[in-house]
Amino acid sequence: MAEVVIVENAEAAGALVATEIVELIERRADAVLGLATGSTPLPVYQALRTQLAGRDVSQVRGFALDEYVGIDPAHPESYRSVITREVVEPLGLDPQRIHVPNGALATIQHAGDDYEAAIDAAGGVDLQILGIGTDGHIGFNEPGSSFASRTRVKTLTEQTREDNARFFDSIDDVPMHCITQGLGTILKARHLVLLAFGEGKAEAVAGAVEGPLTALLPGSAIQLHPHATIVVDEAAASRLALADYYRYTFANKPAWQGI
Ligand code: GLP
């Protein structure tokens, strides 16, 4: 089963996950990171600024989970721009090594296959950072997504468009379509690290970790992965039936195991 780590706050979560990433880069200079957007991973990227300072990150590679379709890549809320602003620039990564699905309409029909090929050519993702939507989506795999899905175009739900409207002038400006790594793509990564904070994510987290495997809650796909780590604050953990057991196992975990 997935390992659940309950931490005091988002800052502690960021530090914990950043440490794991630094150790990965120490073992493998050209590590392949799976990068997520949204508010949730920001504490990880923030902690990495400090933890990676002075280290050689010139070989590090990265693949973003998703992108809006038809958005100008230069738009400040395109995921290309977000990844550049929050990850590539502050961490000093090589922009040539950081990939984001191509949401351009002209090439959208083969953009999914192209992205899968690029991930495969890189040897796969070593550590995939994930957030989770209030409806249980990961990446932009909305409810109903196949567990075997690969990178493809999806239609965003009204709920997701409402959730993401805060990044745009109005909900009408939130694109209708996206291109996202599939659940099958995400499951190929060697280590999944899903973060969630706040009461609003508690139901999605409980469903993903302890609920039945169901396409209705795409995050439940993580139960199929041999190495999945869920890092949550107390509020996001509040609906977990086995919360006490997760605290107990983490408190008694050998330090050498990492997360
Ligand atoms: C978007 C992203 C997801 C992210 C989710 C939750 O839909 N495509 O990758 O996990 O939002 O966002 P937040 O972390 O801001 O709550």
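Here are some notes:
- Count of the stretch 100-123 residues which are surrounded by 14 or more Cβ atoms within 10 Å (Cβ to Cβ), under 27 Å from Glu162 (Cα atoms) and either touching a Gly at 6+ places or on another chain (Cβ under 7 Å) or of a type in the set (A, V, I, L, M) (or both): 5
- Residue within the stretch 83-97 that is assigned to a loop (DSSP other than H, G, I, E, B), more than 16 Å from the ligand (Cβ to nearest atom) and in contact with a helix residue (DSSP H, G or I) (Cβ under 9 Å, 6 or more places away or on another chain) present: yes
- Tallying residues that are within 16 Å of Leu91 (Cβ to Cβ) and within 11 Å of the ligand (Cβ to nearest atom) within the stretch 54-77 yields 1.
- Within the stretch 29-43, the residues that satisfy the criterion of being closer than 15 Å to Val232 by Cβ and over 9 Å from the mean Cα position of the chain (by Cα) are Ser39, Pro43.
- Checked against the criterion of being farther than 26 Å from Thr19 by Cβ and at pLDDT 95 or above, the candidates Ile108, Ile119 yield just one match: Ile108.
- Residue match in the stretch 35-53 (condition: outside any helix (DSSP H, G or I), more than 14 Å from the ligand (Cβ to nearest atom), over 19 Å from Leu195 (Cβ atoms) and in contact with a strand residue (DSSP E or B) (Cβ under 8 Å, 6 or more places away or on another chain)): no
- Here is the figure for the stretch 124-150: residues that are polar (S, T, N, Q), surrounded by fewer than 22 Cβ atoms within 10 Å (Cβ to Cβ) and farther than 23 Å from Gly14 by Cα total 1.
- Taking first residues from the stretch 154-180 that are acidic (Asp, Glu) and partners that are not in a helix (DSSP H, G or I), no Cβ contact under 6 Å between residues at least 6 apart in sequence or on separate chains turns up.
- Close contacts from the stretch 230-258, counting a first residue that is in contact (Cβ under 8 Å) with a residue 40 or more places away in the chain and a second that is assigned to a loop (DSSP other than H, G, I, E, B) and among the polar types (S, T, N, Q), with Cβ to Cβ under 6 Å and a gap of 6+ residues or different chains, come to Asp233/Asn9.
The values are calculated or read from the model by the stated rules, or taken from the named source; none is laboratory data. From a predicted model like this one, the values you see are computed outputs, not experimental measurements. All Cβ positions, even for glycine, are placed from backbone atoms using ideal geometry, and neighbour counts span all protein chains on display.
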